[in-house]
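A quick write-up on the structure given underneath.
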Amino acid sequence: MKSWCILAVCVAFTSATPLLNDDDLRDHVVENLSRQRRSLLKSSSYSLSRLASEYLGNIGKANAGSAGRVAGSSFADACLNEDHYPWPRPRPYPLPRPFPTGFPYPLPKPRFPPIGPHPGPYLSSAVSRIRRGVEKPPNRDFVFVLDTSGSIPNAAFEKAKEGIAILVDSFCPHQLGHDGNGGTKQISLVLFSDIVETAIDFSESEQGAGYLKDKILGLTHRRGGSTATAAALRHVRLNVLGKGKSRLNDNDTSTDVTVITDGRCNRGCSTLAREADDLRKMGHGVNVFALGIGNVRECELEIITGRGSKLAFGLNDFQEFDGFANAVKEIASKNEKKCA
């Protein structure tokens, strides 16, 4: 009798529940799979200066992404939906239709990430020490990974180049390629669509900041092609950090990778979680940041950075990315070296 009552209640609840569209359903299920709110820090919730503080506070920080966990296959599959089946994918057992919003776990209450009071909790370590001049900045290897797929228009690509050039200026350009009285910095730039290439190698840092900025601003957009984010991370692991002048295994050097994308992988995405995890585990730890521009998949950025790492940022457009880069430069300029 009890089982019949329970079934009747379920049927009544299901029929009373309004139909959800695919986007709503995707969000509900991915939330339930992660069982926590995603850790994206958005410009719609925080000022660009606060986002810049969080980013800069984690740059060079030992294992800043160590709190992040590899995204499991269920989470990644639900997020990326690579094979474009109607979502959710067909199962060998029937699911109730419409899908109850509380199934299979109660949805967590929305809350903002614990970013802390301005200018952010991480400034108590990395950036505050730089500002006070108490500690010399370490050697650092920076890798920028820029999406050049067909979803990135020419004007956005130009803004992206300008933003990266500003970030290069923020990271103590006088230390590029040689010891500038406090450490040596190296810059690499990778471009990706369905083709991945190293546009700037670490070895070119020896030619100075002026050369690097001119080369960045002189790049032409290869607009077109898919978004092969997994292949881009693999390229960074094997061809940038795995050879040449990379100082991955040098304990006095931090390695920071920043992926700038519209957050919509559509080629080879089934390996994205594994490639991101393998990259983060290299050497004594690689900090992998993700700057999602526009209508990003938040869960995809979390796959890249590690679930719960809080190294993923959401910006409305590439104009905001330019503003974000200027905010980073402004914060970095407030220490006596005028850079970070």
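Data for the structure
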item	result
Total residues in segment 112-167, condition at pLDDT 85 or above, open to solvent by 10 Å² or more (accessible area, probe 1.4 Å) and part of a loop (DSSP other than H, G, I, E, B)	3
Close pairs from segment 196-209: first closer than 12 Å to Val240 by Cα and among the polar types (S, T, N, Q), partner at pLDDT below 95 and open to solvent by 10 Å² or more (accessible area, probe 1.4 Å), Cβ under 8 Å, at least 6 apart	Ser203/Gly244; Ser203/Lys245
Selected residue (only one of Val190, Val236 is free of Cβ contacts under 8 Å to residues at least 60 places away in the same chain and buried (at least 17 other Cβ atoms within 10 Å of the Cβ))	Val190
When residues of segment 193-209 are limited to those that are assigned to a helix (DSSP H, G or I) and of a type in the set (Asp, Glu), the one surrounded by the fewest Cβ atoms within 10 Å (Cβ to Cβ)	Glu206
Residue count, segment 28-46 (criterion: in contact with a helix residue (DSSP H, G or I) (Cβ under 8 Å, 6 or more places away or on another chain), at pLDDT 55 or above and among the small types (Gly, Ala, Ser))	2
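The values are calculated or read from the model by the stated rules, or taken from the named source; none is laboratory data. Nothing here was measured: the structure is a model prediction, and the numbers come from that model. Positions of Cβ are generated from backbone atoms using ideal geometry, with glycine treated the same way; all protein chains shown enter the neighbour counts. We work out accessible area using only protein heavy atoms, side chains counted, and drop any ligands, DNA or RNA first. Shrake-Rupley method; radii C 1.70, N 1.55, O 1.52, S 1.80 Å.
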